[in-house]
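Below is one structure; the comments refer to it alone.
Computed from the coordinates by the stated procedures, all read-outs in this text should not be read as laboratory data. None of the values given here were measured: they were computed from a predicted structure. Cβ sites come from the backbone with ideal geometry, for glycine too, and all protein chains shown count toward neighbours.
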Amino acid sequence: MLSCARMSTEPLSRRWLARLAFAGLCVHAAFLPVSIAGMQIGLGVSLAALVVLALLGRRTWAHGPLDLPLLSFAGAALLSIAVAWAAGSPPVGWFEATLWKSALSPLVVLSAVSLAQPGDGEGGGPARRRALLALSIWAAASLVPSALAWVQHFTPFDPLYAMGLRAEPRLAQAPRAPGRWAAMGLFHWYQRLAHNLTPPLLLAAALALQGGLPRRRRLLLGVAGAAAAAAVGLTMSRAAWVALAAGAGVLALAAGRRLARLALPATAAVALALVLLNPSLRERLSHAFDPQENADRGTIWKVCAAVVKDHPVAGVGFGNLPRRSLPYYDRLAPTYPLRAWCHDAFFSAWAEGGPILLGGVLLYWGGLFLAFARRRRQAPPGPDGALARAAAAGALAGLAAMLLNSLAHDIFYASESMYGLGFALGIAAGLTRGDGRPPAGAA
């Protein structure tokens with residue numbers, strides 16, 4: 001009852017700030033699958049409340065095993081900017097130079113759910129309840145783009161254009177599928193919807209399959225996970241669908257040796273059945289290795305290889321590649337319209353930051369996998385331990401899926417992708433904190 005006593009003697013302003021930190025996270029969860037502006041505003045409110053509380057003397061940062069991989073990636077990005085600047089490649093803009101910040105979102109999510117609130121008792125129960133509530137809010141909100149995906153797949157419909165929020169409609173006709181379109185929800189492009197939905201839906205599925213939650217909660221998470229998985233298929237993104245199937249395979253493996261013998265073939269059968277039921281997606285996957293279908297990758301990688309050859313150690317600086325590669329495109333592919341990153345997170349890191357940034361990316365993935373594998377292995381027996389193991393399995397599945405997606409897309413530079421992954425990691429970390437004792441004392 002110590003945390004309750006401390007909270008009750010705190011000034012009213014601090015108690016309201018603690019509530020505001022979690023309220024901002026709930027706003028973030030509600031807008032995560034539907035609005036980049038809304039998700040950023042919600043997370044910004046939560047971060048601001050945490051910072052003000054820290055300035056007032058409350059310990060708000062929920063330190064844990066996520067700190068090293070996340071802060072190492074951010075540090076590597078900043079260091080790559082400084083090294084490239086010293087080598088003659090200054091930042092092209094403030095926005096591009098700060099795109100790494102979305103990778104730190106799990107720290108805000110975890111701190112917001114772990115922060116002690118008025119009425120909390122001892123132990124991790126309140127923190128776990130807040131984490132589950134935030135995930136349930138996401139689950140309810142995710143039904144919006146999941147339903148919209150069915151409309152967009154069969155109809156050239158851009159809701160943002162219809163509401164007057166875009167000057168022109170954004171539509172992506174599905175290749176080799178006349179009369180079908182790639183669902184993109186309310187985002188900028190279809191891959192961003194797929195990447196945004198994938199990590200939280202895998203976490204929701206892991207918890208829905210875990211028997212320690214109330215039936216209604218499991219039903220909500222299960223329905224939302226299934227609906228979001230269907231929406232990922234309707235985006236027509238081949239890499240995202242394969243990555244989602246791989247994430248589901250991780251969940252099947254996490255079921256244990258005995259169950260995995262049945263779960264793995266069942267998962268493969270379900271994934272195959274869903275592909276067969278969607279002729280457009282089946283057509284896309286059947287041409288996955290067609291040279292014509294992948295000609296754009298060859299062009300992009302040729303340009304990136306030339307950049308790496310000229311800047312093997314310093315790189316061109318984090319966030320600089322689209323602008324710094326323009327002369328290379330003009331020389332090697334003058335008619336190619338897209339001027340962006342390398343469509344591969346490791347290749348982009350090498351081109352922008354050489355060994356420094358590439359090492360940061362490797363530590364990001366490796367550190368996060370090890371953190372949740374350790375949390376899963378160290379979960380105690382009992383209901384709380386079962387919940388922690390399920391959450392860790394969901395996080396590992398999300399990481400596996402997004403690692404595969406990063407081999408074909410530049411997820412570190414897309415806020416929708418990184419906030420989706422960050423939310424899943426932060427919630428899973430909150431559910432696997434052992435006793436989850438929230439920070440409640442003065443610094």
Counting just the Cα atoms, what span does the stretch 2-431 cover along each of its three principal axes? Round to the nearest Å and put the largest first. 68, 54, 49
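Fewest first, what order do Trp100, Trp301 take by the number of other Cβ atoms within 10 Å? Don't jump to the answer; show the numbers that get you there.
On the way: Trp100 23, Trp301 15.
So the residues, fewest neighbours to most, are Trp301, Trp100.
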Convert each backbone phi in the stretch 23-38 into a coupling constant with the Karplus relation 6.51 cos²θ - 1.76 cosθ + 1.60 (shift: θ = phi - 60°), then list the ³J(HN,Hα) values in order as whole Hz, x for Gly and Pro. 4, x, 5, 5, 4, 4, 5, 5, 9, 3, x, 10, 8, 5, 5, x
Consider a paramagnetic label point 7 Å from the Cα of Val313 along Cα→Cβ; state which residues of the stretch 327-363 have an amide N under 15 Å from it. 353-357
Given a Förster distance of 35 angstrom, what is the FRET efficiency for Thr155 paired with Arg215, based on the Cβ-Cβ distance and rounded to 0.05? 0.45
For labels at Arg331 and Ala82 in the simple 7 Å Cα→Cβ model, what's the distance in nm? 3.0 nm
Sorted from fewest to most neighbouring beta carbons within 10 Å, what does the list Leu17, Leu171 look like? Leu171, Leu17
Overall Cα dimensions of the stretch 133-218, principal axis frame, Å, largest first: 47, 30, 18
Of 54-62, 378-386, 197-205, ordering from highest average Cβ density within 10 Å down gives 197-205, 54-62, 378-386
Could you work out how much longer the chain between Leu407 and Arg170 gets when fully extended? Use 0.36 nm per residue separation minus the Cα distance between them, nm to one decimal. 82.8 nm
